[in-house]
Each structure stands twice: as C-alpha cells, then as structure tokens.
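Some notes on the structure that comes next.
What follows is calculated from the coordinates using simple rules that are stated; it is not laboratory data. Computed from a prediction, not measured in an experiment: that's the story for all the values here. Positions of Cβ are generated from backbone atoms using ideal geometry, with glycine treated the same way; all protein chains shown enter the neighbour counts.
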Amino acid sequence: MLKVKKNSLLMIACLVWGIAGINILRIGLLAYPAYVTVGNIILSVAVFSVFQYFIFGKLVKKHTQRIRTYKEEKQFFLKFFDVKSFVIMAVMMAGGIYIRESGLGPEIFIAVFYSGLGASLLLAGILFGRNYFREISLQKKTAQRCC
C-alpha cells in the first residue's frame, strides 16, 4: 500500500486541485476572447467568489484540519480527501464534461463560468500548497525548540 507522510497529503491535494484548476481555467480562457466584456468579467469574478467563499475555501480548511489530526505519521496517499469529496469531484468532472461535450452549455457559459471556477480551483490548490509549507515550517520550528 502506498503510504506517505501525512503532510505530503497536503501537497498531493495542492497538485490535484492546482492541475484541475489550470485545466478548467485554460478551457474557460480559450473560449473567452470572443466574449470579453466588463459584464462577463464581473460574472466570472462572481463565480470565482461564490465557489471560493462557499465551497473551496471551506474545503481547504476542512481537509487541512482533518489531515493535521491524523495520529499516524504515514497515511494512504488518497487520504488527502474523504469519500464525500471524491464523489463531489467525480460528479463535478462528469457534469462539466457532459455540459461541454453535449453542447448543453453555450460557449459564452464555458468562457465565463469555467474561468471563474478554474481560478477558484487553482486558488484552492495554491492554498493547500501554502498549508503544506506552513506545516513543514512549523515542524522545523518545533524540532529546533525541542532539541
């Protein structure tokens, strides 16, 4: 079984969410040039803000705290998320692929919504990375005080 240090789970989350964010943001930005208006930019910022405040910001805090509370130093590498979060991620991915491939979402929707969503996902990845480096720094400080 592939086990990693529990703090490494934060870096795995950083990479998973960061890569997802880059991919979704790229899709949105590639569709955006034909739809750049002040109103659409405001809508993208609104999408970003809603996802960051109500979903991904809370998700980062929740999973960082959960990882910190693990008693054992080594954990299975997929424990960066719980089952509920993996299900949410799968539903979001499947829904996004369906909307794009079916043509259900017009290109302006893809541009505006995906840009905001992708930026929010990317920020979640960055925040997981920040939390990883904070944990490493805290461990070093604790080790220096200890010995």
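Computed quantities for the displayed model
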quantity: Fewest-first sequence of Glu72, Glu107, Glu135 by Cβ atoms within 10 Å of each Cβ; calculated: Glu72, Glu107, Glu135
quantity: Theoretical FRET efficiency, 1/(1+(r/R0)^6), r = Cβ-Cβ of Ser85 and Arg145, R0 22 Å, to 0.05; calculated: 0.05
quantity: Per DSSP, loop trypsin sites (Lys or Arg not before Pro) in the range 34-81 with at most 13 further Cβ within 10 Å; calculated: Lys71
quantity: Calculated log₁₀ intensity ratio I(q)/I(0) where the Debye formula runs over C-alpha points of the chain, q = 0.11, 0.13, 0.15 Å⁻¹; calculated: -0.48, -0.64, -0.79
quantity: Candidate lysines for bridging to Lys84, where Cα separation is under 17 Å - those fewer than 8 sequence places away on the same chain excluded; calculated: Lys58, Lys61, Lys62
quantity: Full-extension gain in nm, Glu73 to Thr37, via 0.36 nm per residue minus C-alpha separation; calculated: 8.0 nm
quantity: Principal-axis tilt of helix 83-102 within the chain, Cα atoms, nearest 10 degrees; calculated: 20 degrees
